[in-house]
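Just below is one structure, and these are the notes that go with it.
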Amino acid sequence: MRDLIAALGLVLVIEGLSLAAFPAAWRKAMKAVLKAPEQPMRIAGLAAGVLGVVVVWLVRS
């Protein structure tokens, strides 16, 4: 459970720093996401989740 909380904290740090450093790029990206169709977003989300599981599995084994 501690690893999960640490990982979520790192996500917040990385996203927060990138948002602070590049707010215009974030705004542009959010506008693009709002216009994107749902199916490719679902596939990208699923792929990111699978990749994350693989990375964690590789690091932990």
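Of the helices (runs of 4 or more DSSP H) lying entirely inside the chain, those carrying at least 1 residues that are modelled with pLDDT of 95 or more and of a type in the set (S, T, N, Q) are 2-21, 38-60. Taking (1) surrounded by 10 or more Cβ atoms within 10 Å (Cβ to Cβ); (2) more than 12 Å from the chain's Cα centre (by Cα); (3) of a type in the set (A, V, I, L, M, F, W, C) in turn, VAL33 satisfies each apart from (1).
Within the stretch 1-39, the set of residues being more than 28 Å from VAL53 (Cβ to Cβ) and among the charged types (D, E, K, R) comprises ARG27, LYS28, LYS31, LYS35.
The values are calculated or read from the model by the stated rules, or taken from the named source; none is laboratory data. What you see is a predicted model; the values in this text were computed from it and never measured. Methodologically, a virtual Cβ is constructed for each residue, glycine included, from the backbone with ideal geometry; neighbour enumeration extends over all protein chains shown.
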